[in-house]
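In what follows, a single structure is set out as structure tokens and then discussed.
FYI, it's all coordinate maths here, none of it is from the lab. Bear in mind that the values here come from a model prediction, so they are computed numbers and not experimental data. FYI the Cβ positions are ideal-geometry reconstructions off the backbone, even for glycines, and counts take in every protein chain you see.
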Amino acid sequence: MEIEELRKEWKSIKTPQIDLDRLKDMTIEKSHPVLSGIRKQLTMELIGWSAVLIICFTGLDADAKTMLANAILIISVTIPMLFNIYGYKLSKEFIAGPDITSSLQNQIRSLKRFAVTSVLLRIMLIAGVGYFFLSNININPGKLMLLGAGSVLLLLPLYLLVRIWTKRVGTLSTTLRLLKEHE
């Protein structure tokens, strides 16, 4: 079938009339599978990082740390979590444009900005938590080697995060390219 025949066929299809209440039900946040997954991940991260803060301040001698180390820990954990909440709200909104191609371009641009910020905040999170734990420690060669090994292990989640974002943006970019080819 030629592309022109497909277009004619597409245009000849009548759009079904859907009741407004049914459309509202389809957009309910709790029933949306992607938003549900994001919400579960966000909830787990918020609970996990809240537990880390509680443990740090109740059982890991936070009172012996400097005020700066405590502030850096709180800020480095809080800002990425707030950004994740912002990302959840952003994922609920559709970035509109005059047509599907421009909407997708806007979505890709927004997603790229979000991805870069997400990775940078994850680096800040790792650095802040690391600073908190290392702020009162005298580092000898053995501890330095252990710190180096731990740093290498922390690069793996960062690499995976970059890969996930690259794949997401790449998938949308491929879809956009295919749309432009068939215009």
Hull surface over four for the Cα convex hull of region 116-183, reported in nm², is 5.4 nm²
Taking Cα atoms, how many degrees apart are the long axis of helix 3-12 and the longest axis of the chain, rounded to 10 and kept between 0 and 90? 80 degrees
Theoretical ellipticity at 222 nm over the chain - DSSP helices of four or more residues, -39500 (n - 2.57) apiece, nearest 500: -28000 deg cm²/dmol
Long-range amide H partners of residue 97, meaning residues 5 or more apart or on another chain whose placed amide H is closer than 5 Å, are 103
May I ask for the angle, rounded to the nearest 10°, between helix 33-59 and the longest principal axis of the chain, with both axes built from Cα atoms and the value confined to 0 to 90°? 10 degrees
Among (1) 46, 21, 12; (2) 53, 17, 13; (3) 52, 22, 11, the entry that matches semi-axes √(5λ) of the Cα gyration tensor in Å as calculated here: (1)
Taking all pairs of different Cα atoms in region 55-152, averaging 1/r and flipping that mean, what Kirkwood radius in angstroms comes out? 16.2 Å
Packing-based exposure ordering (other Cβ within 10 Å, fewest first) of 125, 156: 156, 125
Using the Karplus curve 6.51 cos²θ - 1.76 cosθ + 1.60 with θ = phi - 60°, work out ³J(HN,Hα) for each residue of region 107-117 in order, rounded to whole Hz, and write x for Gly and Pro. 5, 5, 4, 5, 5, 5, 4, 4, 5, 4, 5
How far is helix 141-181 tilted off the main Cα axis of the chain, in degrees rounded to 10, range 0 to 90? 10 degrees
For each pair in 89/112; 112/167; 11/92, compute the distance between the two Cα atoms and list the pairs where it is over 18 Å. 11/92
